[in-house]
Amino acid sequence: MARIVNLGVLVSGSGSNLQSIIDHIEKGSLPAKIGILVSNNPSAFALERAKKHGIPAAVIGHAGFANREDYDRKVVETLNAHGVELVVLAGFMRVLSPFFLRSFPMRVMNIHPALLPSFPGTHGQKQAFDYGVKFSGCTVHFADEGVDTGPIIIQAVVPVCDADTEETLSGRILKEEHRIYPQAIRLY
């Protein structure tokens, strides 16, 4: 029997990757549980997803913190209070401090909507589309102190079709994100 991994999921928005992880856990194909969901955005739809599935959630906004590291200390404290083993970034729109990454060495996963090392940073799909690549995709990697530079865990390739727009390409990449993120967690 597989060991159950206790996840801490960090989100800022809708949480579609969160929902994919929840779905895989609930159908028994991902031996994990979400110990805590943390959002920096009190209006993130991901909070509703967590509530619907009985997942504990915390909103930790940026206000009141002197700097990024002080904010990250509060998030790390929250994750540790819930016994989190693996941190999963699911659309968390903040750069993590070195303090945060040292608190969970090689235990912070991120998903990026491009085939790293190409097109790191924000808007990976748009960068790939604008560049004119014939294939794009998504990458799950361990976060490190660089921007989308950590060790790659798994990737999925999506062809870029002549009729594609940035939106249609992004939609196909997102479907692959929902498929490979649970796989990467399972590999952990």
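Evaluate the Debye formula for segment 1-82 with equal point scatterers sitting on the alpha carbons, no solvent, and hand back log10 of I(q)/I(0) at q = 0.21, 0.24 Å⁻¹, in q order, two decimals.
-0.95, -1.15
If you take every DSSP beta bridge whose two residues both sit in the chain, what share of them, in percent to the nearest 5, is antiparallel? Mind showing how you got there, number by number?
On the way: 11 of 28 bridges.
Just about 40 percent of them are antiparallel.
Under a 1.4 Å probe, what is the accessible area of segment 58-175 per residue, stated in Å²?
Working: 5950 Å² over 118 residues.
On a per-residue basis, segment 58-175 sits at 50 Å².
Rounded to the nearest 500, what is the chain's calculated 222 nm mean residue ellipticity when only DSSP H runs of at least 4 contribute -39500 (n - 2.57) each, over all residues?
Per the formula, -11500 deg cm²/dmol.
Using 0.36 nm per residue, how much length does the chain from THR165 to ARG68 gain when fully extended, once their Cα-Cα distance is taken away? Walk me through the numbers before you get to the answer.
Values: separation 97, 0.36 × 97 = 34.92 nm, distance 3.59 nm.
Extending this stretch completely gives an extra 31.3 nm.
Counting only protein heavy atoms and a 1.4 Å probe, tell me what percentage of segment 13-77's accessible area is made up of carbon and sulfur.
On the way: 1590 of 3210 Å².
After summing per-atom areas, the C and S share lands at 50 percent.
Which of the lysines could a cross-linker span from LYS134 if the Cα-Cα distance has to be under 22 Å and same-chain partners fewer than 8 positions apart are dropped?
Counting by Cα, and skipping residues close in sequence, LYS134 has these lysines nearby: LYS126, LYS175.
Mind listing P(r) for segment 63-148? All alpha-carbon pairs, 5 Å bins, whole percents.
Reading upward from the zero bin: 3, 14, 22, 21, 15, 11, 8, 4, 2, 0.
If every alpha-carbon in the chain counts as one equal scatterer, what log10 I(q)/I(0) does Debye give at q = 0.07, 0.09, 0.19 1/Å?
-0.19, -0.31, -1.34
The values are calculated or read from the model by the stated rules, or taken from the named source; none is laboratory data. Please read these numbers as outputs of a predicted model, since none were measured by experiment. Protein only, heavy atoms only, side chains kept; ligands, DNA and RNA dropped before computing areas. Shrake-Rupley method; radii C 1.70, N 1.55, O 1.52, S 1.80 Å.
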